[in-house]
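**Q** Before anything else, here's the structure in question.
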Amino acid sequence: MNESKQDNWDIEIYPKSSLFDIDLTEIWKYRDLIYLFVHRDFVAEYKQTILGPAWHFIQPLFTTIIFTIIFGKIAQIPTDGLPPFLFYMSGIVIWTYFSNVLTATSNTFIGNAAIFGKVYFPRMVMPLANIFSKLIAFVIQFFFFLCFLGYFTWQGSKIQPNIWVLATPLMLFMMAALSLGLGIIISAMTTRYRDLRILVGFGVQLLMYVSPIIYPLSTLPEDWRFWASINPIAPIVELFRYAYLGAGSIDLTMLGCSFLNISVILIIGIVMFNKVERTFMDTV
Amino acid sequence: MSTVIKIENLSKYYRLGLIGGGTLNEDINRWIAKIRGKPDPLLKVGEKDYDNRKDDQIWALKDVNLHVQQGEILGIIGRNGAGKSTLLKILSRITAPTDGRIKIKGRVGSLLEVGTGFHPELTGRENIYLNGAILGMSRNEIAHKLDEIVEFSEMSKFIDTPVKRYSSGMTVRLAFAVAAHLEPEILIVDEVLAVGDAAFQKKCLGKMGDIAKEGRTVLFVSHNMPAIEKLCSRVIILNSGKVFADTIASDALSIYYSSIMSPPKCTLSKRTDRTGTADVKIISFQIKNKAGEALESIRTGQDVIFQFKFESKVKTIKSLDFGFTVRHKFDSILFRNRTVESGLDLISPFPKDGCLDCYIPNFPLTEGTYSFGFRLLVDGVESDYITGAYAAQFDVVEGDFYKTGKITSFAPVLVNHEWKIRPS
């Protein structure tokens with residue numbers, strides 16, 4: 001057989017891949033699979049439940065109510081002059097998206113070891129599917145948030161949504177990228193060290209307290225504010241609140257820093273993911 | 001015919017034991033101890049410290065070289081642990097090789113385990129879409145093929161029930177149906193068919209044959225030897241991670257069987273894997289022709305004597321029940337000759353050393369290698385029996401059984417018969 005003619009192989013398998021190697025064309029080829037995983041995540045979750053997708057709305061609603069009572073009425077944390085209910089709801093809506101994607105993504109390798117062990121598809125498909133399936137949940141919650149927004153405006157609250165609303169896609173994108181990056185770093189590490197999984201749930205809680213979800217940045221003493229803003233989530237959340245409610249701080253430099261931080265985290269995540277992806281089935 | 005799979009120097013090692021399978025805490029402790037030059041603090045008392053655990057490795061595959069041509073059905077056989085599944089996993093990109101490279105031309109569809117990609121909560125129909133997409137089909141392609149897939153799997157009644165309710169047989173029917181209709185250029189099947197019933201297995205093998213006729217390539221791992229012989233043009237044997245043999249199916253199977261079935265090289269008298277009182281013990285075995293000369297192999301149709309030399313500890317015995325069973329390469333029993341069934345005249349007094357001869361005229365087996373086992377009962381009590389029933393093997397070469405000058409080796413057993421035609 002004249003093999004020198006055949007240099008057009010479809011698949012080549014090598015022991016090591018280069019460090020930073022995302023085959024975007026391959027992921028695009030599998031876009032139908034991403035759609036199906038999103039469908040699977042969304043539909044399968046609600047089979048055999050009574051309330052079904054209503055949970056997407058009920059859960060943040062109850063959390064908001066509890067926060068309003070505990071942090072608003074009992075602890076009396078100031079909320080930048082905004083109605084506490086809206087303040088907490090806005091924070092929760094965007095935070096829930098972040099924490100859902102993060103938690104789901106950190107479990108990518110371990111939770112899907114069964115399917116990864118049986119068939120090949122670009123592993124990155126799973127985290128990407130997470131981003132989109134949780135996005136659907138976000139949209140539902142966001143819709144209800146807007147309803148409440150409308151209700152409060154009608155009741156005469158002085159909230160001022162403004163032009164920054166248009167930055168919502170950018171904010172979502174940054175949250176998605178951050179949760180994706182952190183999630184894949186954690187999932188890459190949990191293939192070897194399972195105890196990190198336990199840390200995730202606990203860590204996400206802590207992260208929420210460190211971010212200005214329950215309190216606005218303005219309540220922090222001046223010198224703390226800078227450190228709090230290093231948290232990439234902080235500028236995004238504050239901007240979100242400013243855009244829809246009209247109060248809060250926007251610091252574009254910190255936003256820019258946040259963008260940079262997120263990019264770095266994402267790149268590190270992709271590198272780690274690549275390193276682990278090819279052989280994790282041997283150690284997971 | 002072009003090469004569709006080119007495997008060069010493929011090697012894969014696995015590290016044994018719980019390396020880094022512990023917690024972060026444990027690994028940090030180990031690492032700190034290593035830096036300080038102290039022994040591993042987490043070893044159990046008495047365990048040796050394998051620095052870096054170099055000894056705890058296993059080469060699942062070592063320097064495997066293989067070219068597969070388009071349209072071939074390649075069978076891969078070997079003992080458990082030979083490296084077959086590892087090879088398929090690497091070809092399916094589930095894990096990466098340690099060394100070497102593989103080049104593949106075409107789409108690869110694998111069936112490595114029952115229910116690949118099935119989500120228990122979704123129905124069969126939804127899972128077809130999911131499974132198909134995982135294997136690389138687009139939604140249009142799947143929709144097009146949906147009816148064919150449901151029909152092939154014979155699951156039209158159950159297609160809208162969640163997969164968690166399926167039995168394993170149902171799951172594999174569905175999984176195979178999807179994989180087979182995927183139209184991959186290369187289909188890899190790993191021992192999954194064992195779960196299906198005989199009718200379904202036949203259907204799958206038929207489908208695999210059709211796939212190959214369409215010019216696509218199939219890699220088939222199985223322990224079902226008759227299926228391999230029927231379906232595969234070429235078979236490779238893997239043994240401890242290396243390619244042991246690479247030849248046509250019938251030859252490969254003979255090699256495989258003789259390697260696992262060959263009795264130990266020591267003489268019968270030294271064999272210790274036997275049970276019984278040893279009142280009478282078989283110490284050797286020989287095949288002789290009618291004139292009493294020892295034979296290396298039997299010719300079909302030859303008059304032979306199976307001679308069993310024995311040693312006895314008893315002087316008088318009332319009955320001697322000796323039987324030997326001859327088996328074909330696939331382990332099926334061909335015939336058994338037993339003294340109590342065909343008759344044996346005992347001699348008295350019973351000799352201390354003697355020969356038990358079995359005269360078989362016109363030996364009826366065709367060309368091949370056969371093995372046999374035996375069992376001896378003295379006065380109804382087991383006196384000698386080699387466990388595992390493989391005492392020895394012998395070869396048969398082709399010969400003229402019917403005395404017509406025509407030689408055949410189609411079936412293992414030849415039966416004396418006569419043909420006649422007459423008007424009714």
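The values are calculated or read from the model by the stated rules, or taken from the named source; none is laboratory data. All of these numbers come straight from a predicted model, not from anything done at the bench. Cβ: placed from backbone, ideal geometry, glycine included. Neighbour counts: every protein chain shown.
Rundown of residues vs (1) surrounded by fewer than 19 Cβ atoms within 10 Å (Cβ to Cβ); (2) in a loop (DSSP other than H, G, I, E, B), yes/no style:
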| site | (1), (2) |
| --- | --- |
| B:A291 | yes, yes |
| B:E296 | yes, yes |
| B:K315 | yes, yes |
| B:G323 | yes, no |
| B:V326 | no, no |
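**Q** Out of the residues in the range A:47-87 that are within 21 Å of the chain's Cα centre (by Cα) and either within 14 Å of chain B (Cβ to nearest Cβ) or of a type in the set (V, I, T) (or both), state the one that is nearest to A:V125 (Cα to Cα).
**A** A:I58
**Q** Condition first: of a type in the set (F, W, Y), touching a strand residue (DSSP E or B) at 6+ places or on another chain (Cβ under 8 Å) and more than 18 Å from B:T277 (Cβ to Cβ). Now tell me which residues in the range B:363-404 satisfy that. Give the derivation first.
**A** Taking the range B:363-404 and keeping what is of a type in the set (F, W, Y), we get B:363, B:370, B:372, B:374, B:385, B:390, B:394, B:401-402.
Narrowing the set further to residues that are touching a strand residue (DSSP E or B) at 6+ places or on another chain (Cβ under 8 Å) leaves B:363, B:370, B:372, B:374, B:385, B:390, B:394.
Correct list: B:F363, B:Y370, B:F372, B:Y390, B:F394.
Yes/no matrix, rows are residues, columns are (1) surrounded by fewer than 17 Cβ atoms within 10 Å (Cβ to Cβ); (2) away from every other protein chain (no Cβ under 14 Å):
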residue: A:I184; (1), (2): no, yes
residue: A:G201; (1), (2): yes, yes
residue: A:L220; (1), (2): yes, yes
residue: A:Y244; (1), (2): no, yes
residue: A:C257; (1), (2): yes, yes
residue: A:T283; (1), (2): yes, no
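**Q** Quick check on the range B:64-104: of everything there that is among the charged types (D, E, K, R) and buried (at least 23 other Cβ atoms within 10 Å of the Cβ), which residue is nearest to the other protein chains (Cβ to nearest Cβ)?
**A** To start, the set of residues in the range B:64-104 that are among the charged types (D, E, K, R) comprises B:72, B:79, B:84, B:89, B:93, B:99, B:101, B:103.
Narrowing further to those that are buried (at least 23 other Cβ atoms within 10 Å of the Cβ): B:84, B:89.
Numbers: B:K84: 16, B:K89: 8 Å.
Across the range B:64-104, the extreme among qualifying residues is B:K89.
**Q** Follow-up. Going through the range A:262-272 one residue at a time, which ones are within 17 Å of the chain's Cα centre (by Cα) and either of a type in the set (A, V, I, L, M, F, W, C) or surrounded by fewer than 19 Cβ atoms within 10 Å (Cβ to Cβ) (or both)?
**A** A:I262, A:S263, A:V264, A:I265, A:L266, A:I267, A:I268, A:I270
**Q** While we're here: Just to be sure, is B:G109 more than 8 Å from chain A (Cβ to nearest Cβ), crowded, with 17+ Cβ neighbours inside 10 Å, closer than 15 Å to B:V189 by Cβ and in contact with a helix residue (DSSP H, G or I) (Cβ under 7 Å, 6 or more places away or on another chain)? Steps first, answer last, please.
**A** Details: more than 8 Å from chain A (Cβ to nearest Cβ): yes; crowded, with 17+ Cβ neighbours inside 10 Å: yes; closer than 15 Å to B:V189 by Cβ: yes; in contact with a helix residue (DSSP H, G or I) (Cβ under 7 Å, 6 or more places away or on another chain): yes.
Yes; evaluated as a whole, the condition is true for this residue.
**Q** Out of everything in the range A:100-119 that is crowded, with 18+ Cβ neighbours inside 10 Å and either among the small types (G, A, S) or touching a Phe, Trp or Tyr at 6+ places or on another chain (Cβ under 6 Å) (or both), what residue ends up being nearest to B:L112 (Cα to Cα)?
**A** My answer is A:F109.
**Q** Identify the single condition in (1) within 28 Å of A:L146 (Cβ to Cβ); (2) touching a Lys or Arg at 6+ places or on another chain (Cβ under 9 Å); (3) in a helix (DSSP H, G or I) that A:Q205 does not satisfy, given that it satisfies every other one.
**A** (2)
**Q** Can you name the condition, by its number, that B:L356 falls short on among (1) closer than 16 Å to B:A391 by Cβ; (2) without any contact (Cβ under 8 Å) to a residue 40 or more places away in the chain?
**A** (2)
**Q** Could you grab me the full set of residues in the range A:146-168 that are in a helix (DSSP H, G or I), touching a residue at least 60 places away in the same chain (Cβ under 8 Å) and in contact with a Pro (Cβ under 9 Å, 6 or more places away or on another chain)?
**A** A:L149, A:F152
**Q** Further question: Check A:N112 against each of (1) more than 14 Å from chain B (Cβ to nearest Cβ); (2) of a type in the set (S, T, N, Q); (3) more than 15 Å from the chain's Cα centre (by Cα) and name the one condition it does not meet.
**A** Just one mismatch for A:N112, condition (1).
**Q** Would you please name the residue that is nearest to B:N239 (Cα to Cα), looking only at residues in the range B:212-224 that are surrounded by 22 or more Cβ atoms within 10 Å (Cβ to Cβ) and over 20 Å from the mean Cα position of the chain (by Cα)?
**A** Top of the filtered list is B:T217.
**Q** Hey, B:K145 hits all of (1) more than 7 Å from every other protein chain (Cβ to nearest Cβ); (2) touching a His at 6+ places or on another chain (Cβ under 8 Å); (3) at pLDDT below 85 but one; which does it fall short on?
**A** (3)
One line per residue, one yes/no per condition, for (1) of a type in the set (V, I, T); (2) modelled with pLDDT under 85; (3) within 24 Å of B:G78 (Cα to Cα):
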{"residue": "B:D160", "(1), (2), (3)": "no, no, no"}
{"residue": "B:P184", "(1), (2), (3)": "no, yes, no"}
{"residue": "B:I228", "(1), (2), (3)": "yes, no, yes"}
{"residue": "B:D251", "(1), (2), (3)": "no, yes, yes"}
{"residue": "B:S262", "(1), (2), (3)": "no, yes, yes"}
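**Q** Also, quick follow-up: When you go through (1) at pLDDT 75 or above; (2) part of a helix (DSSP H, G or I); (3) not acidic (D, E) one by one for A:S4, which number turns out not to apply?
**A** Among (1) at pLDDT 75 or above; (2) part of a helix (DSSP H, G or I); (3) not acidic (D, E), the lone unmet condition for A:S4 is (1).
**Q** Something else now. Just one of B:L377, B:L414, B:L344 is aliphatic (A, V, I, L, M), at pLDDT 85 or above and either closer than 21 Å to B:G301 by Cα or touching a Phe, Trp or Tyr at 6+ places or on another chain (Cβ under 6 Å) (or both); which is it? Walk me through it before giving the result.
**A** Details: B:L377 fails: either closer than 21 Å to B:G301 by Cα or touching a Phe, Trp or Tyr at 6+ places or on another chain (Cβ under 6 Å) (or both); B:L344 fails: either closer than 21 Å to B:G301 by Cα or touching a Phe, Trp or Tyr at 6+ places or on another chain (Cβ under 6 Å) (or both).
On inspection, the qualifying residue turns out to be B:L414.
**Q** Just for the range A:7-17: of the residues that are more than 7 Å from every other protein chain (Cβ to nearest Cβ) and either touching a Leu at 6+ places or on another chain (Cβ under 6 Å) or modelled with pLDDT of 70 or more (or both), which one is nearest to B:L66 (Cα to Cα)? Break it down into steps so the answer makes sense when it comes.
**A** Residues of the range A:7-17 more than 7 Å from every other protein chain (Cβ to nearest Cβ): A:7-8, A:16-17.
Going one step further and asking which of them are either touching a Leu at 6+ places or on another chain (Cβ under 6 Å) or modelled with pLDDT of 70 or more (or both), we end up with A:8, A:16.
Details: A:N8: 18, A:K16: 21 Å.
Among them, the one singled out is A:N8.
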